Amino acid sequence: MPRPRQFDSAAVDAYLRARGGVATHADLLHLGLSRSTIVRWAQHGPWQRILPGVVLHHRAAPSTRERRLAAITFAGPSAVITGTHALALHDLLGTRLALDPTVLLLVPHSEQRTSADFVVVERTRRMPTARRRGGLPVASPVRAAADAARQAGVDLDQVREIFGAVLQQNRGTPEELRREVLTGPRQRTAAARQVLREVDGGSRSAAEGRAFVLIGRSDLPQPLWNEEVLVDGRWIGTGDAWWPDLGVVLEIDGLRWHSTPADIRRTQEKQRRYAAAGLLVLSVTPQDILRDPEAFLELVRATLERASRRVAAQGLPTGAL
């Protein structure tokens, strides 16, 4: 009768702790466990099978971090996390985009890796240089944003949110986003290409992108987007949208991007400069635009009509402001 294989349980526990509770069958075999013991413990014992050939050291529901660790362990050391999970690790997921239940991984095209369960593996000839976030290898913010824009269930406004977060936090440039979108897979890139067109027109956030489309399709006077506001040749600021003939500035104030004391001071100083120059400032939040676009358009219309009456009452010629 064959003797049971001997292993050091303390060494196994220490190995699992050092790897976040995740290990492959091959790792455990190397530590002296038999294949039958691994399968039995994963099915009926203290562990669970989380992915093919990968076990987790407890039977509770895996945490998000454990799922990411398991995904990397399953796909191998060359794998890199991208998409929404990478954006979350870069703190760029935003408030309107839910974390995808699947973990999207990139692996070199030469490797024969397949998807399984909650892991989606994409082979690529454009393998990014991995960055470490939370102890895990992730794609750059720009690559993660381009890949997230192609994930199932991501709509146009969410792509605006993703690209806007990357641009407003200075984690990438419009040119870098364009390069990633245009050189990557073409499938499911219609929304990303639409947002790139909006960025070309001056948009830098999800709300600006929606405002750009709404105003562009309306019968309202068309503003300049993200242009310097000049009055009598003096620089006043840079408005999200600017109607120089009417002296109206649209400011989209997203709290997520203006949360530090220094940011708040800069915003207040700009508002004071606008007021001192006699400009009408229409200040809205991203939610005002995204949640009720029709009400936003009516607010813009009313402000522009008020400005037009003011210009007429003062007898100012077009462009006098």
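Suppose we keep only residues that are of a type in the set (Val, Ile, Thr) and more than 25 Å from Pro101 (Cα to Cα) within the stretch 15-69. Which one would you say is surrounded by the most Cβ atoms within 10 Å (Cβ to Cβ)? It would help to see each step written out before you state the result.
First, the residues of the stretch 15-69 that are of a type in the set (Val, Ile, Thr): 22, 24, 37-39, 50, 54-55, 64.
Narrowing further to those that are more than 25 Å from Pro101 (Cα to Cα): 37-39.
On the way: Thr37: 16, Ile38: 23, Val39: 15.
Looking at the filtered set, the residue picked out is Ile38.
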Within the stretch 20-35, residues of a type in the set (S, T, N, Q) and either touching a Ser or Thr at 6+ places or on another chain (Cβ under 9 Å) or in the same structural domain as Thr73 (by TED's automatic domain parsing) (or both) come out as Thr24
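Have a look at Arg150, Arg186 and point out the one that is farther than 13 Å from Gly209 by Cβ, among the charged types (D, E, K, R) and without any contact (Cβ under 8 Å) to a residue 12 or more places away in the chain. Don't jump to the end; show me each part of the working.
On the way: Arg150 fails: without any contact (Cβ under 8 Å) to a residue 12 or more places away in the chain.
Of Arg150, Arg186, the one residue that is farther than 13 Å from Gly209 by Cβ, among the charged types (D, E, K, R) and without any contact (Cβ under 8 Å) to a residue 12 or more places away in the chain is Arg186.
Go through Leu51, Leu69 for me and flag whichever is assigned by TED's automatic domain parsing to the domain that holds Ser110, touching a residue at least 40 places away in the same chain (Cβ under 8 Å), hydrophobic (A, V, I, L, M, F, W, C) and under 26 Å from Arg131 (Cα atoms). Quick ask: steps written out before the conclusion?
Details: Leu51 fails: assigned by TED's automatic domain parsing to the domain that holds Ser110.
Of the residues listed, the single one that is assigned by TED's automatic domain parsing to the domain that holds Ser110, touching a residue at least 40 places away in the same chain (Cβ under 8 Å), hydrophobic (A, V, I, L, M, F, W, C) and under 26 Å from Arg131 (Cα atoms) is Leu69.
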Could you go through the stretch 190-198 and let me know if any residue there is surrounded by fewer than 18 Cβ atoms within 10 Å (Cβ to Cβ) and within 20 Å of Thr303 (Cβ to Cβ).
no
Filtered residues of the stretch 269-312 (kept if within 18 Å of Leu220 (Cα to Cα), hydroxyl-bearing (Ser, Thr, Tyr) and buried (at least 17 other Cβ atoms within 10 Å of the Cβ)):
Thr303
Of everything in the stretch 212-254 that's out of contact with any Phe, Trp or Tyr (no Cβ under 7 Å at 6 or more places or on another chain) and small (Gly, Ala, Ser), which residue is surrounded by the fewest Cβ atoms within 10 Å (Cβ to Cβ)?
Gly233
Is the stretch 69-79 home to any residue that is over 30 Å from the mean Cα position of the chain (by Cα) and either under 23 Å from Ala148 (Cα atoms) or not aliphatic (A, V, I, L, M) (or both)?
no
Filter the stretch 218-276 for residues that are hydrophobic (A, V, I, L, M, F, W, C) and modelled with pLDDT under 85; the one that is farthest from Glu161 (Cα to Cα) is Ala262
Here the qualifying pairs (Cβ atoms under 6 Å; residues six or more apart or on different chains; first in the stretch 8-30 and of a type in the set (Ser, Thr, Tyr); second surrounded by 12 or more Cβ atoms within 10 Å (Cβ to Cβ) and not in a helix (DSSP H, G or I)) come out as Thr24/Gly53; Thr24/Val54
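Here are Ala23, Ala42: which of them is assigned to a strand (DSSP E or B) and among the small types (Gly, Ala, Ser)?
Details: Ala42 fails: assigned to a strand (DSSP E or B).
Testing whether each residue is assigned to a strand (DSSP E or B) and among the small types (Gly, Ala, Ser) leaves just Ala23.
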Reported set for the stretch 214-228 where residues are free of Cβ contacts under 8 Å to residues at least 40 places away in the same chain and of a type outside the set (Asp, Glu) is Gly216, Arg217, Gln222, Pro223, Leu224, Trp225, Asn226
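The values are calculated or read from the model by the stated rules, or taken from the named source; none is laboratory data. Since this is a predicted model, take the numbers as computed values, not measurements. Backbone-built Cβ (ideal geometry, glycine too); neighbour counts: all protein chains shown.
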